[in-house]
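The values are calculated or read from the model by the stated rules, or taken from the named source; none is laboratory data. As the structure is a computational prediction, the values presented were derived from the model and not from experiment. Cβ placement follows ideal geometry from the backbone for every residue including glycine, while neighbour counts extend to all protein chains displayed. Areas reflect the complete protein model, heavy atoms only, side chains present, ligands, DNA and RNA absent. Shrake-Rupley method; radii C 1.70, N 1.55, O 1.52, S 1.80 Å.
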Amino acid sequence: MFSSKDAFKKHFLEKYEMMFGKSFEESTLSELYHTLGQMVREYVSHAWIETNERNRANQKKQVYYFSIEFLLGRLLGNNLLNLGIRDVVEEGLKDLGVHLTDVEEQEVDAGLGNGGLGRLAACFLDSLASLSLPGHGVGIRYKHGLFDQKIIDGYQVELPEQWLRNGNVWEIRKESQSVEVKFGGEVQVSYGNGRLMFHHVNAETVTAVPYDMPIIGYKNNTVNTLRLWSAEPTQFRPEKGDVMKYKRETEAISEFLYPDDSHIEGKILRLKQQYFLVSAGLKSIVSTYLKSNDHLRNFHHKVAIHVNDTHPVLAIPELMRILMDEYGMGWDEAWEITTNTISYTNHTTLSEALEKWPISIFKPLLPRIYMIVEEINERFCRSLWNRYPGDWKRIEEMAIIAHGVIKMAHLAIVGSHSVNGVAKIHTDILKKREMKLFYEYYPEKFNNKTNGITHRRWLLKANPNLAKTICDAIGDKWIANPQKLASLVPFAKDDSFKQKIYEVKQNNKRALAKRIKQMTGIVVDEQSMFDVQVKRLHAYKRQLLNILHIMYLYNRLHEDAKFSITPRTFIFGAKASPGYYYAKKIIKLINTLAAKVNGDPKTRDVLKVIFLENYRVSLAEEIIPAADVSEQISTASKEASGTGNMKFMMNGAITLGTLDGANIEILEEVGPNNIFTFGLTADQVLAYQKNGGYRAIEYYHHDKDLNQVIDQLINGFFPVPTHEFETIYDSLLVQNDEYFVLKDFRSYVRAHERVGAAYGDWDSWMEKSIINIAKSGHFSSDRTIQEYADEIWGITRSV
Ligand code: 26V
């Protein structure tokens with residue numbers, strides 16, 4: 001049906017009529033989206049079945065990537081691209097008077113994630129499939145993804161997200177493969193067959209129904225599976241208790257994605273979600289495995305399970321439970337299999353994000369799992385005692401259960417064979433700080449896997465004109481092998497190539513300017529430098545530093561007639577966790593500043609501030625290709641890796657960043673002439689944290705410009721009540737500026753001066769931009785996934 005333009009048109013019109021019972025002339029864009037989506041879904045089913053059969057037949061090891069989040073974004077455009085049928089469809093629709101991009105825009109993002117961690121999982125799925133690796137995702141089918149953000153009077157307002165409102169053409173409900181998950185109840189112990197047996201009784205049962213989504217590899221006939229589980233009431237539940245309450249509580253499990261990132265709320269529902277995911281996921285993997293194997297003794301030779309952060313770490317005790325209680329295995333053998341099956345990635349060192357569950361919540365909800373965790377803890381503490389006799393302090397610090405809580409990261413390290421960080425500096429910090437004692441005990445488990453992004457979505461699809469310009473210069477080998485983008489290096493000095501790259505960027509900026517006009521009513525200067533900070537709102541990411549600098553520019557423009565700047569458009573996009581008061585105030589501050597700056601006749605020609613609401617994957621795809629400058633300004637040591645930084649680089653933006661996360665590796669790739677760095681190093685930050693000695697107030701007193709902008713937060717400079725931004729003011733001066741905003745301010749101002757000057761030198765700016773694109777191949781998630789496959793999972797290509 002996609003073999004030629006005419007074949008496509010014929011099928012498309014037929015399909016439309018079949019689905020909607022009316023003629024094409026009466027169609028709406030949304031109906032056209034559903035028609036095309038349905039066709040594509042049917043078209044892939046053959047390759048999907050074949051991939052599954054191949055995996056069954058060749059009996060190769062497979063990996064299952066367990067994640068509480070998969071931030072997929074829109075799927076139609078990406079699927080068309082990976083299937084290699086985008087051009088046919090685009091041409092065919094054009095004949096029918098329809099723009100493919102208009103159809104694509106009908107799709108609601110699958111927003112089942114908060115930010116970096118969830119988007120990484122989505123990039124990994126794309127790379128697994130595109131490398132023909134047997135690897136699948138396991139997650140939760142939330143009825144509501146991350147909230148929709150509206151800005152009202154400058155404040156963030158959250159609305160429930162509704163991605164399933166018009167159905168989801170990409171999923172297939174597999175009711176026959178449902179499994180049961182048990183909560184609560186008690187454990188009865190009996191003796192039989194020469195061993196203790198554990199029976200989980202009086203539990204509440206929930207049915208987990210899988211929905212499968214195809215994950216389509218790039219032009220390689222591989223279609224892997226993302227299996228998302230939905231919680232439903234059990235049909236044959238014995239009549240007892242309040243049925244309505246049971247239904248409500250059951251459905252609540254997969255109703256909402258938790259909107260916090262990096263801040264733990266110890267809510268029982270979240271623990272339920274976590275156990276629901278791992279129990280359903282494991283049961284289905286074990287039952288698939290047993291269709292082609294008689295026993296589970298070699299499970300770890302055929303199955304790898306990866307836990308994305310600690311959220312799915314209950315996979316460890318749950319696999320132990322299945323092996324022992326359901327299949328009669330002894331502890332030692334079950335432990336050998338479990339630890340060899342499981343691997344774990346840590347995504348943050350922020351202490352407020354390290355999961356700890358109070359026993360008082362955990363034990364009643366998961367009584368048998370708790371017993372197993374206790375046993376794991378006891379055995380682990382005993383082995384510590386053998387190695388470090390008498391060292392109570394160390395054992396107390398390393399224990400999995402201590403002081404009434406279960407430390408999920410400790411369980412993850414003890415129960416897995418591999419622990420990795422997501423950028424070199426992050427892994428180093430884990431080894432020398434957060435997980436120091438564990439690194440001493442298990443040095444062989446620790447390794448680094450620097451994050452990556454899929455160049456298919458973030459370059460080929462998001463920036464097709466750039467992709468074409470690259471192909472015209474160096475051919476298309478880089479698409480299969482992104483490291484080959486390095487062949488662009490010599491073109492960094494080629495005037496005609498620079499001109500082409502420039503035109504691509506200008507076109508993207510024009511398109512973004514149009515979107516900005518449409519969303520905000522504000523007209524921005526397409527010739528100005530687009531300086532972008534888009535990411536979740538968090539104190540450590542320091543959107544505040546960016547704002548204070550803009551206020552500084554505004555002041556200088558007003559007060560110094562000789563002061564001039566490269567015209568700049570500052571673009572922000574960020575969602576704040578609904579309960580994160582400070583982050584929400586920063587959003588209000590950005591919007592208040594935007595109103596002031598954009599309305600000021602004296603500055604508005606050279607300075608614009610734009611806040612784009614509801615930042616999400618599809619909006620990122622429009623913003624990133626249009627950026628000149630990529631703001632990556634977290635307090636050094638705090639951003640584990642960052643992945644936005646890589647997307648910007650790949651699209652030719654220059655990084656203005658701290659020496660944090662993967663920025664450091666970007667610097668290593670492009671060299672110091674092609675990135676702007678500033679600020680404290682991670683070692684300096686860690687030293688301040690350890691030894692003290694930082695006094696924010698001194699910077700406030702000694703730097704006139706800084707003094708002025710901080711005072712302006714509370715002195716009536718903004719047309720809001722003077723207490724509006726008091727919390728922000730206090731965070732800097734009363735609470736001694738935990739994230740070193742004041743300390744880094746001057747260095748940031750100077751870095752901006754260098755950026756502005758460099759932007760003024762067209763030739764060298766274009767050279768920098770091209771070098772960034774050329775060196776971005778290293779940050780393709782294909783590289784990352786190949787490292788995971790080789791060094792952690794031990795899986796190889798299925799064809
Ligand atoms: C934590 C929590 C805490 C409980 C509530 C819900 C929730 C949801 C997500 C998280 C994880 C936060 C960690 C995270 O997203 N880390 C980011 O991971 C990216 C991919 O590795 C990395 O690039 C970012 O630097 C890192 O902040």
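Which members of region 335-349 meet the condition of being over 21 Å from the mean Cα position of the chain (by Cα) and surrounded by fewer than 22 Cβ atoms within 10 Å (Cβ to Cβ)? Selection gives TRP335, GLU336, ILE337, THR339, ASN340. For ASN221, the criteria (1) in a strand (DSSP E or B); (2) closer than 30 Å to ARG86 by Cβ hold in every case but one, which is (1). Only a single criterion out of (1) part of a helix (DSSP H, G or I); (2) out of contact with any strand residue (DSSP E or B) (no Cβ under 9 Å at 6 or more places or on another chain); (3) not aromatic (Phe, Trp, Tyr) is not satisfied by LEU667, namely (2). Of all residues assigned to region 556-565, at least one qualifies as being open to solvent by 20 Å² or more (accessible area, probe 1.4 Å), touching a residue at least 60 places away in the same chain (Cβ under 8 Å) and touching a strand residue (DSSP E or B) at 6+ places or on another chain (Cβ under 8 Å). Answer with yes or no whether ILE785 is assigned to a helix (DSSP H, G or I), among the hydrophobic types (A, V, I, L, M, F, W, C) and closer than 30 Å to ASN340 by Cα. The answer is yes for ILE785. Annotation: VAL419 fulfils all but one of (1) more than 30 Å from ILE85 (Cβ to Cβ); (2) of a type in the set (A, V, I, L, M); (3) away from the ligand (no atom under 16 Å from the Cβ); the unmet one is (3).
Take the conditions (1) open to solvent by 20 Å² or more (accessible area, probe 1.4 Å); (2) modelled with pLDDT under 95; GLY192 misses just one of them, which is (1). Pairs meeting the criteria (first residue in region 687-698 and at positive phi and modelled with pLDDT of 95 or more, second residue assigned to a loop (DSSP other than H, G, I, E, B) and of a type outside the set (Phe, Trp, Tyr), beta carbons under 8 Å, at least 6 apart or on different chains) are lacking. For the subset of region 279-316 comprising residues that are within 16 Å of the ligand (Cβ to nearest atom) and on the phi < 0 side of the Ramachandran plot, which member is nearest to the chain's Cα centre (by Cα)? So, considering only residues that are within 16 Å of the ligand (Cβ to nearest atom) and on the phi < 0 side of the Ramachandran plot, the one nearest to the chain's Cα centre (by Cα) is ASN308. Listed by first and then second residue, the pairs with beta-carbon distance under 6 Å, at least 6 apart or on different chains, first residue in region 239-251 and within 19 Å of LEU269 (Cα to Cα) and among the aromatic types (Phe, Trp, Tyr), second in a helix (DSSP H, G or I) and modelled with pLDDT of 90 or more, form an empty list. Looking across region 715-770, the residues that are touching a residue at least 40 places away in the same chain (Cβ under 8 Å), surrounded by fewer than 19 Cβ atoms within 10 Å (Cβ to Cβ) and in a loop (DSSP other than H, G, I, E, B) come down to PRO719, VAL720, GLU724, ASN736, GLU738.
The residues in region 282-319 that are of a type in the set (Gly, Ala, Ser), touching a Leu at 6+ places or on another chain (Cβ under 9 Å) and surrounded by fewer than 24 Cβ atoms within 10 Å (Cβ to Cβ) can be counted, and the count is 0. Within region 153-166, identify whether any single residue is buried (at least 24 other Cβ atoms within 10 Å of the Cβ) and within 16 Å of the ligand (Cβ to nearest atom), and answer yes or no. Scanning region 153-166, I find at least one residue that is buried (at least 24 other Cβ atoms within 10 Å of the Cβ) and within 16 Å of the ligand (Cβ to nearest atom), so the answer is yes. One residue stands out in region 625-659 among those that are acidic (Asp, Glu) and touching a strand residue (DSSP E or B) at 6+ places or on another chain (Cβ under 7 Å): the one that is surrounded by the most Cβ atoms within 10 Å (Cβ to Cβ), namely GLU631. In region 256-268, of all residues being aliphatic (A, V, I, L, M) and either within 11 Å of the ligand (Cβ to nearest atom) or open to solvent by less than 10 Å² (accessible area, probe 1.4 Å) (or both), the one that is farthest from TYR327 (Cα to Cα) corresponds to ILE264. Considering every residue within region 128-146, establish whether at least one is basic (Lys, Arg) and either free of Cβ contacts under 8 Å to residues at least 12 places away in the same chain or surrounded by fewer than 18 Cβ atoms within 10 Å (Cβ to Cβ) (or both). Looking for residues that are basic (Lys, Arg) and either free of Cβ contacts under 8 Å to residues at least 12 places away in the same chain or surrounded by fewer than 18 Cβ atoms within 10 Å (Cβ to Cβ) (or both), one finds none in region 128-146, hence no.
Results for (1) in contact with a helix residue (DSSP H, G or I) (Cβ under 7 Å, 6 or more places away or on another chain); (2) away from the ligand (no atom under 16 Å from the Cβ), shown as yes or no for each residue.
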residue: MET19; (1), (2): yes, yes
residue: SER27; (1), (2): yes, yes
residue: LEU32; (1), (2): yes, yes
residue: ARG41; (1), (2): no, yes
residue: ALA57; (1), (2): no, yes
residue: LYS61; (1), (2): yes, yes
residue: SER67; (1), (2): yes, no
residue: ARG74; (1), (2): yes, yes
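Could you tell me whether GLY415 is over 30 Å from ALA636 (Cβ atoms), within 30 Å of the chain's Cα centre (by Cα) and crowded, with 16+ Cβ neighbours inside 10 Å? Here the answer is yes, as GLY415 does meet what is asked.
Which of the residues belonging to region 439-453 are open to solvent by 10 Å² or more (accessible area, probe 1.4 Å), touching a residue at least 24 places away in the same chain (Cβ under 8 Å) and not polar (S, T, N, Q)? Listed by number, the residues that qualify are TYR441, TYR442, LYS445, PHE446.
Listed residues LEU612, LEU607; which is of a type in the set (A, V, I, L, M, F, W, C), over 14 Å from ARG568 (Cα atoms) and surrounded by fewer than 24 Cβ atoms within 10 Å (Cβ to Cβ)?
LEU612
Residues in region 320-334 that are open to solvent by 10 Å² or more (accessible area, probe 1.4 Å) and under 16 Å from HIS301 (Cβ atoms): MET329, GLU333. Selection within region 640-683: residues that are under 23 Å from LEU354 (Cβ atoms) and charged (D, E, K, R). The member of this set that is farthest from the ligand (Cβ to nearest atom) is ASP683. In the set (1) polar (S, T, N, Q); (2) more than 16 Å from the ligand (Cβ to nearest atom); (3) within 21 Å of LEU128 (Cα to Cα), the condition left unmet by ASN463 is number (3).
Within region 1-22, the set of residues being open to solvent by 70 Å² or more (accessible area, probe 1.4 Å) and modelled with pLDDT under 95 comprises SER3 only. A single entry from VAL532, VAL524 fulfils the requirement of being open to solvent by 10 Å² or more (accessible area, probe 1.4 Å), touching a residue at least 60 places away in the same chain (Cβ under 8 Å) and among the hydrophobic types (A, V, I, L, M, F, W, C): VAL524. If you go through region 350-389 and keep only what is within 15 Å of the ligand (Cβ to nearest atom), open to solvent by 20 Å² or more (accessible area, probe 1.4 Å) and of a type outside the set (Gly, Ala, Ser), you end up with GLU352, LEU354, LYS356, PRO358, ILE361.
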